[in-house]
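To start, the structure under review is shown below, and the notes come after it.
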Number of protein chains: 2
Amino acid sequence: MGVTIRKLVRQDRAAVHEMLSACGAFTAEEIGVALEVFDEGIPGGSEGPYIHFAAEIGGEVCGYVCVGQTPMTDATWHLYWICAHPRAQKAGVGRALQMHAEWFVRGRGGARIVLETSGQPSYARVHEFYRKAGYCEVGRIRDFYKAGDDCIIYCKEL
Amino acid sequence: MGVTIRKLVRQDRAAVHEMLSACGAFTAEEIGVALEVFDEGIPGGSEGPYIHFAAEIGGEVCGYVCVGQTPMTDATWHLYWICAHPRAQKAGVGRALQMHAEWFVRGRGGARIVLETSGQPSYARVHEFYRKAGYCEVGRIRDFYKAGDDCIIYCKEL
């Protein structure tokens, strides 16, 4: 079954909460912030600081992405959150969301996407995911999240 | 006359607006965002996401700084804004604010301060200011603000 991308809506909140917990990549605090951003951004449609898209397989939400134009910049956007449910990660959900986000940003005149992620060894697959998609490391802040947990900043020119 | 540091209060808003315009470093959009952050952070005292301090010389506000703990981190803080009125820049107002901010962050258990600034040639003095204070470049995002205007990310371990 293929992956369908659509706008995320308020009714998806429980599914989003569940996948944020199930994917294992986020702390309780990070999940709380992601849900705050969800509540602020929806229903914002395709306007506002936080724009969300859902990925569906067989009518079931199994991933989402959140992007927004970076304040005080001409054409820079941030990819704030991307999450795929573990049961759907091999179906290309993350890739479909990332490609849709880039297509959307390009359509809004965006010239680049910036994102931040953890440098911990357990994130190796995440880094491979972004590098394969053309994201380049443009910064690294040692011990940013906590001791031994660096922040890696990636950027892709669209 | 020496520089005194105190909490910024709501009554300082006009002085803050004036120095943001007068210092010449900020666009209209950036000034708008700085004032939004002022309105959100004051009166927040020394709690909340945005903590502000004022610099005074002879009873007159001539500079301010805004810091806050970086969400989703253990001990990382951001220096969001620092501004000195042009008539006071040679009096060491910027340095006094930066040192006070670091002292405050250290007292809260902060281990590092991150800040972002423009890479434009007109910011050469700003970069010198931070390097002299022990900030190291940890990232650079080309054309971040606009074409030809990179974002330079600095970090100082406290």
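Consider region A:70-121. How many of its residues are over 14 Å from the mean Cα position of the chain (by Cα) and of a type in the set (S, T, N, Q)?
4
Do the conditions hold for A:Gly48, that is, is it at pLDDT below 95 and at positive phi?
Yes.
How about region B:10-25: which of its residues are in contact (Cβ under 8 Å) with a residue 40 or more places away in the chain and either over 29 Å from B:Gly119 (Cβ atoms) or surrounded by 13 or more Cβ atoms within 10 Å (Cβ to Cβ) (or both)?
B:Asp12, B:Ala15, B:Val16, B:Met19, B:Leu20, B:Ala22, B:Cys23, B:Ala25
Consider A:Asp39 against the criteria (1) at pLDDT below 95; (2) within 14 Å of the chain's Cα centre (by Cα); (3) over 24 Å from A:Arg125 (Cβ atoms): it satisfies all of them except one. Which criterion is unmet?
(2)
Could you check B:Glu40 against (1) over 30 Å from A:Gly32 (Cβ atoms); (2) assigned to a helix (DSSP H, G or I) and say which number it fails?
With (1) over 30 Å from A:Gly32 (Cβ atoms); (2) assigned to a helix (DSSP H, G or I) applied to B:Glu40, the lone miss is (1).
From B:Ala111, B:Ala147, B:Ala133, grab the single residue that is in contact with a helix residue (DSSP H, G or I) (Cβ under 9 Å, 6 or more places away or on another chain), modelled with pLDDT of 95 or more and farther than 16 Å from B:Ile82 by Cα.
Checking each option against the conditions leaves just B:Ala111.
When you look at B:Arg13, is it farther than 21 Å from B:Lys90 by Cα, outside any loop (DSSP other than H, G, I, E, B) and not hydroxyl-bearing (Ser, Thr, Tyr), yes or no?
So B:Arg13 fits the description; yes.
Looking at A:Cys23 and the list (1) out of contact with any Pro (no Cβ under 8 Å at 6 or more places or on another chain); (2) closer than 24 Å to A:Tyr130 by Cβ; (3) away from chain B (no Cβ under 14 Å), which single condition is not satisfied?
A:Cys23 satisfies every listed condition except (1).
Taking strands (runs of 3 or more DSSP E) that fall entirely within region A:45-158, which contain at least 2 residues that are more than 14 Å from every other protein chain (Cβ to nearest Cβ) and touching a residue at least 24 places away in the same chain (Cβ under 8 Å)?
A:51-57, A:60-69, A:76-84
The values are calculated or read from the model by the stated rules, or taken from the named source; none is laboratory data. The structure displayed is predicted, hence computed values, not measured ones. Quick reminder, even Gly has a Cβ in these numbers, built from the backbone with ideal geometry, and neighbours come from all protein chains shown.
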